[in-house]
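Okay, so here's the structure we're looking at.
The values are calculated or read from the model by the stated rules, or taken from the named source; none is laboratory data. Predicted model, so just to flag it, every value in this text is computed and none were measured. Quick reminder, even Gly has a Cβ in these numbers, built from the backbone with ideal geometry, and neighbours come from all protein chains shown. In case anyone asks, the SASA skips ligands and DNA or RNA and just uses the protein heavy atoms, side chains included. Shrake-Rupley method; radii C 1.70, N 1.55, O 1.52, S 1.80 Å.
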Amino acid sequence: MRVVAGVPVLFAGLLASWLLARPDGPDPVALPATLALGVSVLVLGLGFLPTVDAEPSVRLIGALAGVWVVATLLSAWVRTADRAGVDLPDVTAGDFAEVLGSGTSEIVALVVGLLIVVWAALDLLTGVDIPVLVVGALAGIGVLATAIAGHAGNTAIGPVLVGAHALAAAWWCGVLAAMALSVRGRSGWARSLPTFSRYAIWAVGVIAVTGVAAAFTQLDAVSALVTTGYGRILIAKALVLAVLIAVAMWHRRRWLPAVERHRTTEDSSIRNAVIEIVLMAVVLGLAAGLSATAP
């Protein structure tokens, strides 16, 4: 249950982005969108657990995919009310359908979420055996569609950079959170953590390179880092990410060797993972705010 601590921290990161870029008040559309982002990252991580020699709970995947669908629908509903200038109960079905239809990323997320729910139902209720990696691939499509739907499309290279950045971050954050939920026993962590650590190095490298490159494509001048809300959120995200990488490097030097020698208990491993997950949640919350802020 300690992994759940990442949920309020996720919104704390979003709140920080509002304070940095939106002194006139929060954007209500970002609330359900941030929830959808967090859930999609966790679903992706659960889907890719076999890459670190672990197996996820099918019921958990199905439940989270359902939450993803609901959060996406709620995001479209709030966006409809915001555009129409009406209260949420006054949104009409026609207006809702029009706004939902105009949001390509939301349509992709809905389709992907529903397909994953169907996958879980087939796995639980029938003899159909579809690899869980399909879930990871579908969730990756949803994460990618959401990532490139914002300001990244303003430049030719932007979608490529932001897409790679988002997928690498989603794998790193999602798989570690999925491990905290699914991996049990000293032997389980001794089997999964070393593999995760090897892949995580590459993920962090992609995150760093694409993040810096994407920032240069979005900002007109270095001074924009402090004079614009987008720049201030970017700095905050980079600082928290730097702390996260430092913690991960420390864990790689201390936690990983102890796990490989079976000298770390399951509880200690989960506690170390949660420390990183909480920092990851802050970064994701800031990323959600960044995507909703004009450069």
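Worth a mention:
- Inter-residue pairs, beta-carbon under 8 Å, first part of a loop (DSSP other than H, G, I, E, B) and in the range 75-100, second open to solvent by 70 Å² or more (accessible area, probe 1.4 Å) and not charged (D, E, K, R), 6+ apart: Val91/Trp77
- Residue among Pro23, Pro32 that is at pLDDT below 80 and either among the β-branched types (Val, Ile, Thr) or surrounded by fewer than 19 Cβ atoms within 10 Å (Cβ to Cβ) (or both): Pro23
- Verdict on Trp172 being among the aromatic types (Phe, Trp, Tyr), within 30 Å of His262 (Cβ to Cβ) and under 14 Å from the mean Cα position of the chain (by Cα): yes
- The single condition among (1) out of contact with any Ser or Thr (no Cβ under 9 Å at 6 or more places or on another chain); (2) of a type in the set (A, V, I, L, M); (3) over 30 Å from Arg186 (Cβ atoms); (4) open to solvent by 20 Å² or more (accessible area, probe 1.4 Å) that Ala221 does not satisfy is (1).
- Residues in the range 255-295 that are open to solvent by 20 Å² or more (accessible area, probe 1.4 Å), under 15 Å from Leu234 (Cα atoms) and outside any helix (DSSP H, G or I): Ala292, Ala294, Pro295.
- Of all residues in the range 97-121 being modelled with pLDDT under 75 and crowded, with 16+ Cβ neighbours inside 10 Å, the one that is farthest from Leu44 (Cα to Cα): Val99
- Pick from the range 209-232, criterion in a loop (DSSP other than H, G, I, E, B) and not charged (D, E, K, R), ranking: nearest to Val162 (Cα to Cα): Leu219
- Applying the criterion of being assigned to a helix (DSSP H, G or I) and surrounded by 14 or more Cβ atoms within 10 Å (Cβ to Cβ) to the residues of the range 122-136, the residue that is nearest to the chain's Cα centre (by Cα) is Gly136.
- Residue match in the range 227-248 (condition: at pLDDT 90 or above, open to solvent by less than 50 Å² (accessible area, probe 1.4 Å) and in contact with a Pro (Cβ under 9 Å, 6 or more places away or on another chain)): no
- Condition check for Arg252: part of a helix (DSSP H, G or I) and open to solvent by 60 Å² or more (accessible area, probe 1.4 Å): yes
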